[in-house]
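Some notes on the structure that comes next.
The values are calculated or read from the model by the stated rules, or taken from the named source; none is laboratory data. Computed from a predicted structure; not experimentally measured. Cβ placement follows ideal geometry from the backbone for every residue including glycine, while neighbour counts extend to all protein chains displayed. What goes into the accessible areas is simple: the full protein's heavy atoms, side chains included, and nothing from ligands, DNA or RNA. Shrake-Rupley method; radii C 1.70, N 1.55, O 1.52, S 1.80 Å.
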Amino acid sequence: MLIFPAIDIIDGKVVRLLKGDYNEVKRYSITPKEAAQSFINAGATCLHAVDLDGAKSGKAENAETVKKLIDSGLFVEIGGGIRSEEQIEKYLSYGTKRVILGTVAVKNPSFVKEMAQKFPNKIAVGVDASNERVAISGWREITDINSYDFCKKMRDIGVENIIYTDISKDGALSGTNLFAYEKLVKIEGLKITASGGITYLNEIKTLKEMGVYGAILGKALYENKINLAEAVKLAQGD
C-alpha cells in the first residue's frame, strides 16, 4: 500500500480544513516545499496535493506552488478545480504523475471518459462523500448521487483510481471510515485510495490488509498523531 502525505494549499500556504469547511481553516507555518522535504526525509515517495483555492474557483490558482512540489521528485498527484483538458495538460507538462478530477466527474462524465482514454493511468477521480452522497464544488454542494454507485460508474467509463473521502471524518482526528473502504475494495477493477480522518497506525494496518491501494495522511501528520516514517514502513509491510 502506498502512503500519500497531503499538502492542502490556500494562498500558497499549507492549511488543513475541518470537514471541508473553508471557515474552519488551520494554517501551518511550514511552507509547502519544506513539508515535501520533510516527507522525503521520512521515507515517503508519494505526495497528494490539493489546490483548495482552485477547488472553489475552478482554476489552477496555486499552479506555481504545485510545480515546486513536483520538482521535489516525489510521485505527485494533484487535485482541486481541475475541470478542463488545458489544466490537465498543464499539470502533466510539469511532471505531475496523476491528475484528480472531482466536480467535473459529476457534471460532465463524458469529459472524464475522454480524458481517461487520452491520458491512461494519469487520471483519478476524487469521490467526496457526505452520508454516502457525492459532494462537489469544494464540498459546498451535496448531490443525491450515491457515492458507491458513482464509483462503479467511474470504473465503467474507464477510471481506475478512486480517491474516496468521508467528509465527516476529514480533519477531525477521530479515525477514518473503515466500513466504507471495506465496501469499496470489493468493487472489481478499481484502485481505492483512502482519505479523510486517518489518525492511527492500526488503521493503516487494517487498510493494507483490506487491499486498499493507497492511504492519504493529512492533519494527523501535522498534529503529530502519526509518525510518517512508521506509517510508510507499515504500509510497505516492513
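Which one is surrounded by the fewest Cβ atoms within 10 Å (Cβ to Cβ) among residues in segment 158-176 that are more than 24 Å from ILE78 (Cβ to Cβ) and of a type outside the set (A, V, I, L, M)?
SER174
Considering each residue of segment 29-42, count those that are open to solvent by 20 Å² or more (accessible area, probe 1.4 Å) and in contact with a helix residue (DSSP H, G or I) (Cβ under 6 Å, 6 or more places away or on another chain), and give that number.
Initially, segment 29-42 is screened for residues open to solvent by 20 Å² or more (accessible area, probe 1.4 Å), giving 29-31, 33-34, 37-38, 40-42.
Remaining after also requiring in contact with a helix residue (DSSP H, G or I) (Cβ under 6 Å, 6 or more places away or on another chain): 33, 42.
Number of matching residues: 2.
So which residues in segment 125-154 are modelled with pLDDT of 95 or more and not in a strand (DSSP E or B)?
If the condition is that a residue be modelled with pLDDT of 95 or more and not in a strand (DSSP E or B), then GLU132, SER147, TYR148, ASP149, PHE150, CYS151, LYS152, LYS153, MET154 are the ones that fit.
Please enumerate the residues belonging to segment 15-24 that are free of Cβ contacts under 8 Å to residues at least 40 places away in the same chain and surrounded by 15 or more Cβ atoms within 10 Å (Cβ to Cβ).
VAL15
Table: residues versus (1) in contact with a Leu (Cβ under 9 Å, 6 or more places away or on another chain); (2) crowded, with 24+ Cβ neighbours inside 10 Å; (3) free of Cβ contacts under 8 Å to residues at least 12 places away in the same chain; (4) not basic (Lys, Arg).
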{"position": "ILE192", "(1), (2), (3), (4)": "yes, yes, no, yes"}
{"position": "LEU201", "(1), (2), (3), (4)": "yes, no, no, yes"}
{"position": "LEU207", "(1), (2), (3), (4)": "yes, yes, no, yes"}
{"position": "GLY214", "(1), (2), (3), (4)": "yes, no, no, yes"}
{"position": "LEU217", "(1), (2), (3), (4)": "yes, yes, no, yes"}
{"position": "ALA229", "(1), (2), (3), (4)": "no, no, no, yes"}
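Give the residue that is modelled with the highest pLDDT, with candidates limited to residues of segment 48-82 that are of a type in the set (Gly, Ala, Ser) and open to solvent by 50 Å² or more (accessible area, probe 1.4 Å). Lay out the reasoning, then the answer.
Residues of segment 48-82 of a type in the set (Gly, Ala, Ser): 49, 54-55, 57-58, 60, 63, 72-73, 79-81.
When the remaining residues are screened for being open to solvent by 50 Å² or more (accessible area, probe 1.4 Å), the result is 57, 73.
Working: SER57: 84, GLY73: 93.
The extreme case among them is GLY73.
Right, LEU101: out of contact with any helix residue (DSSP H, G or I) (no Cβ under 6 Å at 6 or more places or on another chain) and closer than 22 Å to LYS191 by Cα or not? Please lay out each step first, then the result.
Details: out of contact with any helix residue (DSSP H, G or I) (no Cβ under 6 Å at 6 or more places or on another chain): no; closer than 22 Å to LYS191 by Cα: yes.
Considered against the rule, which asks whether it is out of contact with any helix residue (DSSP H, G or I) (no Cβ under 6 Å at 6 or more places or on another chain) and closer than 22 Å to LYS191 by Cα, LEU101 comes out as no.
Determine whether PHE150 is farther than 16 Å from ALA6 by Cβ, over 16 Å from the mean Cα position of the chain (by Cα) and open to solvent by less than 30 Å² (accessible area, probe 1.4 Å). Please lay out each step first, then the result.
Details: farther than 16 Å from ALA6 by Cβ: yes; over 16 Å from the mean Cα position of the chain (by Cα): yes; open to solvent by less than 30 Å² (accessible area, probe 1.4 Å): yes.
It is true that PHE150 is farther than 16 Å from ALA6 by Cβ, over 16 Å from the mean Cα position of the chain (by Cα) and open to solvent by less than 30 Å² (accessible area, probe 1.4 Å).
I'd like the full set of residues that are hydrophobic (A, V, I, L, M, F, W, C) and either within 16 Å of the chain's Cα centre (by Cα) or open to solvent by less than 10 Å² (accessible area, probe 1.4 Å) (or both), limited to segment 120-147.
Narrowing segment 120-147 to residues hydrophobic (A, V, I, L, M, F, W, C): 123-125, 127, 129, 134-136, 139, 142, 145.
Across segment 120-147, the qualifying residues are ILE123, ALA124, VAL125, VAL127, ALA129, VAL134, ALA135, ILE136, TRP139.
What do you reckon, is GLU223 at pLDDT below 95, open to solvent by 20 Å² or more (accessible area, probe 1.4 Å) and not aromatic (Phe, Trp, Tyr)? Show your work before the answer.
Details: at pLDDT below 95: yes; open to solvent by 20 Å² or more (accessible area, probe 1.4 Å): yes; not aromatic (Phe, Trp, Tyr): yes.
Spelling it out, GLU223 is indeed at pLDDT below 95, open to solvent by 20 Å² or more (accessible area, probe 1.4 Å) and not aromatic (Phe, Trp, Tyr).
Take GLU85 and tell me if it is modelled with pLDDT of 95 or more and among the acidic types (Asp, Glu). Step through it out loud before you land on a result.
Details: modelled with pLDDT of 95 or more: yes; among the acidic types (Asp, Glu): yes.
Considered against the rule, which asks whether it is modelled with pLDDT of 95 or more and among the acidic types (Asp, Glu), GLU85 comes out as yes.
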